[in-house]
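**Q** Right, I'll just put the structure down here and ask away after.
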Protein chains: 2
Amino acid sequence: MKKSTIKDISILAQVNPSTVSRALNNHPDISNDLKNKIKKIAEDLNYVPNKLAANFRSNSTKTIALIIPEFTMFFFPSVIKGINKVVTKMNYQLMVFHSNDESDIESNHIKACIDNRVSGIIISLSSTSKDLNHIDKAIRFGIPVIFFDKAPSMNGYNTVKINDINAAYKAIKFLKEAQITRIAGIFGHPNISITKDRITGFHKAVLEYKMEAIGICHPTSWQNIYDLTTDYLKQGVEGIFCMSDEILSAVTPAVAKYKEKNATNVKIICISDGQLPYFYNEEVNFIHHDGEWVGIRAAEMLFERLQDENSRSTKMHIIETPLKTNQQSS
Amino acid sequence: MKKSTIKDISILAQVNPSTVSRALNNHPDISNDLKNKIKKIAEDLNYVPNKLAANFRSNSTKTIALIIPEFTMFFFPSVIKGINKVVTKMNYQLMVFHSNDESDIESNHIKACIDNRVSGIIISLSSTSKDLNHIDKAIRFGIPVIFFDKAPSMNGYNTVKINDINAAYKAIKFLKEAQITRIAGIFGHPNISITKDRITGFHKAVLEYKMEAIGICHPTSWQNIYDLTTDYLKQGVEGIFCMSDEILSAVTPAVAKYKEKNATNVKIICISDGQLPYFYNEEVNFIHHDGEWVGIRAAEMLFERLQDENSRSTKMHIIETPLKTNQQSS
DNA sequence: CTGTTAGCGCCTTCAC
DNA sequence: GTGAAGGCGCTAACAG
């Protein structure tokens with residue numbers, strides 16, 4: 001199908017191309033009659049404005065890039081949903097990249113973002129990212145960057161996250177208040193910042209409340225989590241802290257299974273997006289790490305940055321993490 | 001930061017801009033000395049090729065659009081993952097839109113895709129889409145469109161899907177072979193094609209195997225599914241068919257709960273992406289509807305279309321759906 | 001109110 | 001091998 005241009009319309013309408021452009025863009029200078037006439041012709045020609053040309057001219061794309069380390073069913077779908085809400089409302093488009101948790105791929109994506117002149121970048125770092133050179137490059141290029149979840153440990157970057165130390169601390173505090181002392185903690189990859197912080201909070205609470213941490217571990221697979229959980233249960237653990245939904249997905253069935261044969265009233269507490277806990281009959285208490293809300297706030301922060309470009313200050317936004325449980329009040 | 005252009009480089013290198021362009025693109029006509037000199041200058045200037053200009057000139061974007069009806073933790077994350085694998089390998093970029101299951105939004109997204117000259121579209125229709133005018137428009141514009149999962153019922157469109165009728169049929173056949181006769185089926189929204197087809201397959205098997213379908217339903221919420229399941233269990237159902245992971249997520253806990261108090265060896269069979277069943281101790285048998293593979297095949301089909309543009313034929317690719325179970329063989 | 005002109009950055013002819 | 005020139009489609013600035 002031959003794509004018609006403003007020029008084609010201008011010839012048929014016997015006016016100048018710029019007049020057509022103005023009419024199509026509802027410029028107030030153009031008379032309504034002419035506007036209607038031109039729009040009619042455009043319609044007849046199946047005219048579709050060439051946004052590539054417009055983007056080129058304006059040197060902007062109204063596109064937001066999201067870079068995440070992985071596509072799992074946990075957390076990130078909620079984040080994408082949140083970001084999408086804001087981005088759509090602002091009439092921008094969302095481009096999703098995933099780094100497969102490899103810093104090289106992440107760098108390439110950032111490079112592609114710069115090449116494509118994306119308006120802004122929202123990113124959760126891969127666990128293998130050592131430096132932030134690629135990020136700094138984008139920022140120097142004038143592209144605002146917002147971090148969420150896995151963020152740089154130093155200041156000077158726009159960030160939306162929860163207080164990971166505090167979240168873990170609150171989780172353990174909950175166990176304490178349930179009169180529990182023998183606990184175990186199950187964590188994710190030891191390299192990433194959120195794991196470190198959650199461990200810190202865990203230890204802090206354990207010390208402060210004089211609890212007995214019978215073990216902390218970094219399992220490598222679902223089965224591994226399941227087995228480790230069973231071990232802890234055999235050791236008479238009374239409370240298990242899961243740092244994520246991914247871990248919870250293996251801990252809960254292990255607990256349920258153990259309960260079939262053994263008497264235990266072990267309590268599970270988790271940092272969770274708030275969906276998975278409701279998939280179980282087991283009582284799962286969780287610190288709500290609301291992915292959708294994180295996404296919304298990150299996107300909003302990005303658009304704030306887009307608004308006043310010259311602002312060189314950076315912000316750190318901390319998301320609240322209320323304590324919840326999946327047990328119905330009824 | 002001032003963005004440097006080919007022209008800037010050409011001035012410093014004392015050559016013509018076109019020479020710079022050629023050197024940067026490794027054109028064989030340019031001597032190696034000059035190439036190196038020019039590349040060095042480009043490097044020094046932090047030159048970043050303006051892809052907007054390049055896109056504009058080539059009138060293409062190397063971007064694939066994905067349009068899905070919703071962002072849930074079920075199925076779609078796997079599909080995105082699969083698509084992304086192929087798209088990344090081909091050096092394209094992925095743009096994700098979601099329609100919130102509203103046909104108007106879907107149309108707008110398609111329009112945006114046309115405006116932005118995306119190279120291709122992969123889409124799962126919203127349940128409210130009545131006609132395909134918006135799709136046809138994109139196709140007429142020369143943009144290849146691949147459907148997956150929720151696809152048009154008529155021929156003439158490129159589609160990657162499972163045989164929904166057959167998948168449901170196989171599920172019920174499995175129950176039959178387990179000597180079960182009293183069954184129930186729990187389905188999603190009655191409007192969408194995959195629900196209709198799965199119901200068809202369900203009924204076909206029930207008739208053929210002379211089973212007793214004590215009920216089929218279209219619940220509206222997690223709790224609703226849970227309660228309905230409990231009802232069926234009380235009525236002495238022996239097998240429950242869940243048409244999706246979303247439904248499974250409520251059925252399984254209901255079954256587990258019921259088993260605590262009542263003797264039953266009800267069998268669960270599901271059409272599943274293959275992740276959720278492993279989150280339970282209950283035996284969950286499933287017809288594997290592999291989202292990642294669907295995504296890969298859809299993307300591959302799209303690139304085939306991109307290869308030979310003049311091909312006006314359309315393809316229907318049926319994904320295999322093997323029977324599996326979450327119970328370890330050990 | 002509408003026309004004229006010019007240029008965004010790149011690449012591809014066509015010359016030499 | 002390299003230079004010169006032109007144009008992709010759109011829009012803003014400047015005229016009238």
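**Q** With +1 on the Cβ of every Lys and Arg and -1 on the Cβ of every Asp and Glu, and nothing else charged, how large is the dipole of chain B about its Cα centre, in debye rounded to the nearest 20?
**A** Dipole of chain B, to the nearest 20 debye: 920 debye.
**Q** If you take the beta carbon distance between residue B:102 and residue A:108 as r and set R0 to 25 Å, what does 1/(1 + (r/R0)^6) give as a FRET efficiency, to the nearest 0.05?
**A** 0.10
**Q** Evaluate the distance, in nm, between pseudo-label points positioned 7 Å from the Cα of residue B:115 and of residue B:221 along their respective Cα→Cβ axes.
**A** Output for this residue pair reads 3.7 nm.
**Q** First obtain the Kirkwood hydrodynamic radius of region B:135-281 from its Cα pairs, then insert it into the Stokes-Einstein equation at 25 °C and 0.890 mPa s, and state the resulting D in µm² per second as a whole number.
**A** 151
**Q** Would you kindly state how much longer the chain becomes between residue B:307 and residue B:18 on full extension, computed as 0.36 nm times their sequence separation minus their alpha carbon distance, in nm to one decimal?
**A** 101.1 nm
**Q** While we're looking at this one, here's another question. Summing +1 for each Lys or Arg and -1 for each Asp or Glu, what net charge is found among the other residues whose Cβ lies under 13 Å from the Cβ of residue A:267?
**A** 0
**Q** Taking θ = phi - 60°, what integer Hz values does the Karplus form 6.51 cos²θ - 1.76 cosθ + 1.60 yield along region B:44-53, in sequence order, with x for Gly and Pro?
**A** Couplings: 4, 7, 6, 5, 10, x, 7, 5, 4, 5 Hz.
**Q** By the 4.7 Å beta carbon criterion, which cysteine residues of chain A come out unpaired?
**A** A:113, A:217
**Q** Then there is this: Count neighbours as other Cβ atoms within 10 Å of each site's Cβ, and list the trypsin sites (Lys or Arg not before Pro) in region A:1-64 that are DSSP loop with at most 12 such neighbours.
**A** Passing both the DSSP loop test and the Cβ count: A:2.
**Q** What are the nm distances, shortest first, from residue A:70 to its equivalents in the other copies, labels at 7 Å along Cα→Cβ?
**A** When each copy's label point is compared with this one, the spacings are 2.5 nm.
**Q** What is the order of B:290, A:273, fewest Cβ neighbours within 10 Å to most?
**A** B:290, A:273
**Q** Taking a label point 7 Å out from Cα toward Cβ, give me the nm distances from residue A:3 to the same spot in the other copies, shortest first, one decimal.
**A** 2.0
**Q** Averaging sequence separations of C-alpha pairs under 8 Å and six or more residues apart, then dividing by the length of chain A, give the relative contact order as a whole percent.
**A** 17
**Q** Sticking with this structure for a sec: How far is residue A:317 from itself in the other copies, in nm, if each label sits 7 Å out from Cα along the Cα-Cβ line, shortest first?
**A** 3.9
**Q** Taking R0 as 30 Å, what FRET efficiency do you get between residue A:179 and residue B:70 from their Cβ-Cβ distance, rounded to the nearest 0.05?
**A** Efficiency, rounded to the nearest 0.05: 0.10.
**Q** Would you be so kind as to identify which of B:239, B:275, B:327 lies farthest towards the positive end of the dipole of region B:212-330, taking Lys and Arg as +1 and Asp and Glu as -1 on Cβ and the Cα centre as origin?
**A** Working it through, the farthest residue towards the positive pole turns out to be B:239.
**Q** Using 7 Å Cα-to-Cβ label points, what is the residue A:318/residue A:58 separation (nm, one decimal)?
**A** Result: 3.9 nm between the two label points.
**Q** Out of the GluC sites (Glu not before Pro) in region B:239-330, which ones are loop residues according to DSSP with at most 14 other C-beta atoms within 10 Å?
**A** Here the GluC sites (Glu not before Pro) that fit, given the DSSP loop and packing criteria, are B:309, B:320.
**Q** Might you report the magnitude of the Cβ-based charge dipole of the protein assembly as shown about its Cα centre, with Lys and Arg at +1 and Asp and Glu at -1, to the nearest 20 debye?
**A** With only Lys, Arg, Asp and Glu charged at Cβ, the dipole is about 1600 debye.
**Q** R0 = 35 Å: FRET efficiency of residue A:263 with residue B:209, Cβ-based, nearest 0.05?
**A** Computed FRET efficiency for residue A:263 and residue B:209: 0.25.
**Q** If you don't mind, another one. Enumerate by residue number the chymotrypsin sites (Phe, Trp or Tyr not before Pro) in region B:224-292 meeting two conditions: DSSP loop (anything except H, G, I, E, B), and at most 13 other Cβ atoms within 10 Å of the site's Cβ.
**A** For chymotrypsin sites (Phe, Trp or Tyr not before Pro) across region B:224-292 that sit outside H, G, I, E and B with at most 13 neighbouring Cβ atoms in 10 Å, the list is empty.
**Q** Of B:132, B:45, B:276, which is the most mobile in a GNM of chain B whose springs link Cα atoms less than 10 angstrom apart?
**A** Greatest mean-square fluctuation among the candidates belongs to B:45.
**Q** Check residue A:159: other-chain or 5+ apart residues with amide H under 5 Å from its amide H, H built from backbone geometry?
**A** Here A:147, A:315, A:316, A:317 satisfy the definition.
**Q** Separate question: Whose amide H sits under 5 Å from the amide H of residue B:93, counting only residues 5 or more places off or on another chain, with H placed in the peptide plane?
**A** Under 5 Å from the amide H of residue B:93 lie the amide H atoms of B:63, B:64, each far enough along the sequence or on another chain.
**Q** If you don't mind, there's one more thing I want to ask. Please report the net charge: other residues with Cβ closer than 13 Å to the Cβ of residue A:27, K and R +1, D and E -1.
**A** +2
**Q** Another question, then. Positive end of the dipole of the protein assembly as shown, charges at C-beta (+1 Lys, Arg; -1 Asp, Glu), about the Cα centre: which of B:188, A:209, A:135 has its Cα farthest in that direction?
**A** A:135
All of the numbers you see were taken from the coordinates with simple rules; none came from a lab. Remember, it's a predicted structure, so these values are computed and weren't measured experimentally. Ideal geometry is used to build each Cβ from the backbone, glycine not excepted, and the neighbour counts take in all protein chains shown.
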